[in-house]
Each structure stands twice: as C-alpha cells, then as structure tokens.
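Working notes, beginning with the structure itself.
The values are calculated or read from the model by the stated rules, or taken from the named source; none is laboratory data. Quick caveat: nothing in here was measured; it's all calculated off a predicted structure. Counting neighbours? That spans all protein chains shown, and the Cβs are built from the backbone with ideal geometry, glycine included.
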Amino acid sequence: MKPVEMREFVEAMDELEKERGIDKDYLIESLESALVTAYKRNFDSVDNVKVTIDKSTGAVHIYSVRTVVEDGKLEDPLLEIEFKPAKKISKTCAIGDIVNLEIVPKDFGRIAAQTAKQVVLQKIREAERDIIFTEFNDKKGEIVSGLVQKADGNIVVMDLGKLEGVMPLKEQIPTEKYKVNDKIRGYVLDVERGAKGVPQVIVSRSHPDFVRKLFEFEIPEIYEGLIEIKSVSRDPGYRSKVAVYSKNENIDPVGSCVGQKGVRIQNIINELNGEKIDVIEWNEDPSIYIAAALLPAQVLAVDIKEEEKFAQVIVKDDQLSLAIGKSGQNARLAAKLTNWKIDIKSESQIREMLEKQMAEENADSVSTEANSEE
C-alpha cells in the first residue's frame, strides 16, 4: 500500500520558510508529533507508533515499532514481531532488535491533511508572535505611544498596533486619570509571554527612566551624548530631580536642558501633566552635588562622612522647610538622586546642639575637678 501523500503541504512549507522564516525541519517535526497523537486518538493505538515525513515528496509513513522475537514465541502481537517476517523488513535484524513495520490505516489521508492544516496554522501564529515578541523586546527601555482601550482604575490597556500594552496600577502616575481613546506615551518596562504565548508589553509612566527618555527626546545634546544624565529621582506626578553633566566646558548642561525661556523643560512637564522638575548640575565633589540636589533650598554648609556616605547639611532657618519639602519630599528625592544619607538642620538647631554639647562638656569638666580635689 502506498503511503499518504502530502505534496501540497511540502510546497506550502517551502513557501512559509521563504516568506515567513519558519524553519521547514521544525514544521515537519511538529507535524510528525501531531500525526502520532492523531493516529493514537483515531485508531486506539498503543504507544509504539512512529511517523516520518519525506521532506521532498511529503509522503507520510506510519510505523508500528516492534521488538523481534523467536518464531513461535510471540506474546504481544502489537509490540512484537517474529523473526521470519522481521527479516523481510530488515535483512540484518536479530532477536531483540527493533524493526519498523509500516502500516497504512484506512482514511488516514484525510486525518493527516486536517492535522497538517491545524499544525501549519498554529505554527504560523506562533512564528508571528515570536516576531512581534522580538520586535517589542528590542524596544525595552524605549518610549511607545498608544490609544487607551481600557481604564478601570487598576489597570490601563493600550493599543500599540500589533499588540496590547498593559500599565499596572503601580506603573501609573497617581495624579493622572486615563480615559478610553486617550493617546498616551509610556516607557517599555518589560515584554512577557501572556496567555497562549501572546506577547504582552508592560508599560510604565511612573518609572524614573520615563523621565530620562523624555529628556533624550527633547534635548538634542543629551541624545547626541554631549550632555549626560547622571541620575534621576522621582515622586511620580509631583516632582522629579535630574542630575546632568557635560565634559565640554562650553556647554551649560542645566541651561541646555531648561531651554530658552524654559521651552524645552516645559514640553517634558506638559507630557507629565504638570509634574515639577528640578534640573541640577552633577559634580564629583559630593558636598557641591548634595547642595545642588537640595534646590530650590539654599544651603550654607555640607559636612560629609565619606565612609558612611552621610552628609550633615546646614541651612538658614527660613530655608529649613523648603530644604526638607512637603512630607520630606525634597530631602528624600535629593538622597535618592545622590545616593547619600542626608540630615538637614537649620542654623538655630546647630547652634542649640553646639551650646548643649558645650554645656555637657563644661559639666563633665567641673565634675572631674571636684572629684580630683576630694
């Protein structure tokens, strides 16, 4: 009996390999595996079935895998074959060898064709998903735009064209309200395999690197590498601090980022719906850097402990609340920006501390003198 022919399937596989880059060998292996499953399902077969496909003709060969036993000692006709009939299949076989007995079940051609169609469609979908996954995985760390499809307060779903972007609650800016059909931008945080292998893009508007990327878009000197963003700290929706630096002494990094009449920085603020942004100049001297990081407050002095990465900052009395900020925001953002522990004290507080310290030292001195006289 002739094996099942699927020449059209082979031709289709050749086209898929050329047009979509789906490996022909991979398709054949997938189909062989699927045909084994289909055969067992339709013919109540045991597990000793093997299917091979001729890569050039598309001929499907179905085999029953049998163990060669001595003539007259056949115990399981489904799993074993006697020596004489086995020799007709393989002249070199011996007792205990494995031989493949070809079988051609009735109507298997129809089953094979249906299975082939299902496998091809499935593999096409998988290949398309892989291509999209790779495309968006390459965009990790970049900004994408999309239309809001769903916004229920906990999650925002964006239409990014080829797939969906998902913005979880923690990646949303708490001061923003999103509505269906709003066009918004977001930072590609990650790309995951969702249900049934469908790629899913995790988008963020609250991540500090979203601000970093917006600066790259709006400030040509940053994009070109003339100005470097050293650090970003952020309280999403309320305030960000961005430390910038340029090796070129002729470039004012802060002025370039702010722009003439604040035009450049205003575009970023508008994108973030009014979030305040402090642009400060990075300095390798931590005392200068920390003082700048506490802007808009004016700092009088910074005493640093290098080993502990601790800074004691002194400000005028009327600058203390500004330096600390509402709910400690300014001090917290400055600490994140510089990666230093910062303790802020006013002149009065420092004076009181010194006076108290001197009083304690004097008291200790008097006590010591009294003890020595006794």
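In the stretch 240-275, what count of residues is obtained for those that are assigned to a strand (DSSP E or B) and within 15 Å of Arg205 (Cβ to Cβ)?
Initially, the stretch 240-275 is screened for residues assigned to a strand (DSSP E or B), giving 240-245.
Cutting the leftovers down to within 15 Å of Arg205 (Cβ to Cβ) gives us 240.
So the count comes out to 1.
Restricting the stretch 173-220 to residues that are within 18 Å of Lys139 (Cα to Cα) and among the hydroxyl-bearing types (Ser, Thr, Tyr), the residue that is surrounded by the most Cβ atoms within 10 Å (Cβ to Cβ) is Tyr187.
Anything in the stretch 312-331 that is within 35 Å of the chain's Cα centre (by Cα) and crowded, with 17+ Cβ neighbours inside 10 Å? List them, or say none.
Going residue by residue through the stretch 312-331, those that are within 35 Å of the chain's Cα centre (by Cα) are 324-331.
Matches in the stretch 312-331: Ile324, Gly325, Asn330, Ala331.
Within the stretch 172-219, if we keep just the residues that are touching a Ser or Thr at 6+ places or on another chain (Cβ under 7 Å) and assigned to a helix (DSSP H, G or I), the residue that is nearest to Lys150 (Cα to Cα) turns out to be Phe210. Across the stretch 227-239, the number of residues qualifying as of a type in the set (A, V, I, L, M, F, W, C) and either part of a strand (DSSP E or B) or modelled with pLDDT under 95 (or both) comes to 2. In the condition set (1) surrounded by 17 or more Cβ atoms within 10 Å (Cβ to Cβ); (2) modelled with pLDDT under 85; (3) under 30 Å from Leu16 (Cβ atoms), Val49 is compliant with all but (2).
Of the listed requirements (1) loosely packed, with under 15 Cβ neighbours inside 10 Å; (2) farther than 29 Å from Leu31 by Cβ, Glu82 misses just one: (1). If the condition is being within 14 Å of Glu216 (Cα to Cα) and either of a type in the set (Val, Ile, Thr) or touching a helix residue (DSSP H, G or I) at 6+ places or on another chain (Cβ under 8 Å) (or both), then the stretch 229-249 contributes Ile229, Ser231, Val232, Val242, Ala243, Val244, Tyr245.
Screening Leu160 on (1) touching a Lys or Arg at 6+ places or on another chain (Cβ under 8 Å); (2) surrounded by 14 or more Cβ atoms within 10 Å (Cβ to Cβ) shows it passes everything except condition (1).
Just a yes or no: is a residue in the stretch 57-64 loosely packed, with under 13 Cβ neighbours inside 10 Å, in the same structural domain as Ile131 (by TED's automatic domain parsing) and modelled with pLDDT under 85? Steps first, answer last, please.
If we filter the stretch 57-64 for residues that are loosely packed, with under 13 Cβ neighbours inside 10 Å, which is where we start, we get 57.
From what is left, the residues that are in the same structural domain as Ile131 (by TED's automatic domain parsing) are 57.
Now narrow it down to the ones that are modelled with pLDDT under 85: 57.
Among the residues of the stretch 57-64, at least one is loosely packed, with under 13 Cβ neighbours inside 10 Å, in the same structural domain as Ile131 (by TED's automatic domain parsing) and modelled with pLDDT under 85, which makes the answer yes.
Selection of first residues in the stretch 103-119 that are basic (Lys, Arg) and of second residues that are surrounded by 13 or more Cβ atoms within 10 Å (Cβ to Cβ), restricted to Cβ pairs under 9 Å at least 6 apart or on distinct chains, gives the following pairs, ordered by first then second residue: Lys117/Phe9. Considering the conditions (1) at positive phi; (2) not hydroxyl-bearing (Ser, Thr, Tyr); (3) not assigned by TED's automatic domain parsing to the domain that holds Lys247, Gly259 is excluded by exactly one of them, (3). Does Ile227 qualify as being crowded, with 18+ Cβ neighbours inside 10 Å and not acidic (Asp, Glu)? Judged against the criteria, Ile227 is a match.
Per-residue answers, yes or no, for (1) at pLDDT below 90; (2) assigned by TED's automatic domain parsing to the domain that holds Val188; (3) hydrophobic (A, V, I, L, M, F, W, C); (4) crowded, with 16+ Cβ neighbours inside 10 Å:
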position: Lys87; (1), (2), (3), (4): no, no, no, no
position: Ala94; (1), (2), (3), (4): no, no, yes, no
position: Asn100; (1), (2), (3), (4): no, no, no, yes
position: Lys106; (1), (2), (3), (4): yes, no, no, no
position: Val120; (1), (2), (3), (4): yes, no, yes, yes
position: Lys123; (1), (2), (3), (4): yes, no, no, yes
position: Glu126; (1), (2), (3), (4): yes, no, no, no
position: Val148; (1), (2), (3), (4): no, yes, yes, yes
position: Ala151; (1), (2), (3), (4): no, yes, yes, yes
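Would you check if there is a residue in the stretch 156-167 being touching a Leu at 6+ places or on another chain (Cβ under 8 Å) and either assigned to a helix (DSSP H, G or I) or among the basic types (Lys, Arg) (or both)? So that I can check it myself, show each step before the final result.
Let us first name the residues in the stretch 156-167 that are touching a Leu at 6+ places or on another chain (Cβ under 8 Å), namely 158-159.
Subsequent filtering for residues that are either assigned to a helix (DSSP H, G or I) or among the basic types (Lys, Arg) (or both) retains none.
Checked against the condition, which is being touching a Leu at 6+ places or on another chain (Cβ under 8 Å) and either assigned to a helix (DSSP H, G or I) or among the basic types (Lys, Arg) (or both), the stretch 156-167 yields no hits at all.
Restricting attention to the stretch 287-304, the residues being assigned to a helix (DSSP H, G or I) and under 14 Å from Leu322 (Cα atoms) number 3. Filtering Ile229, Ile184 for residues that are among the β-branched types (Val, Ile, Thr) and either within 15 Å of the chain's Cα centre (by Cα) or over 21 Å from Asn154 (Cα atoms) (or both) leaves a single hit, Ile229.
Do we have Val302 as under 20 Å from Ile280 (Cα atoms), free of Cβ contacts under 8 Å to residues at least 24 places away in the same chain, surrounded by 15 or more Cβ atoms within 10 Å (Cβ to Cβ) and not charged (D, E, K, R) here? Spell out how you get there, then give the answer.
Values: under 20 Å from Ile280 (Cα atoms): yes; free of Cβ contacts under 8 Å to residues at least 24 places away in the same chain: yes; surrounded by 15 or more Cβ atoms within 10 Å (Cβ to Cβ): yes; not charged (D, E, K, R): yes.
So Val302 fits the description; yes.
Residue count for the stretch 147-190 satisfying the condition of being small (Gly, Ala, Ser) and more than 23 Å from Ser240 (Cβ to Cβ): 3. If the condition is being over 21 Å from Leu272 (Cβ atoms) and either hydrophobic (A, V, I, L, M, F, W, C) or in the same structural domain as Ala335 (by TED's automatic domain parsing) (or both), then the stretch 224-256 contributes Leu226, Ile251.
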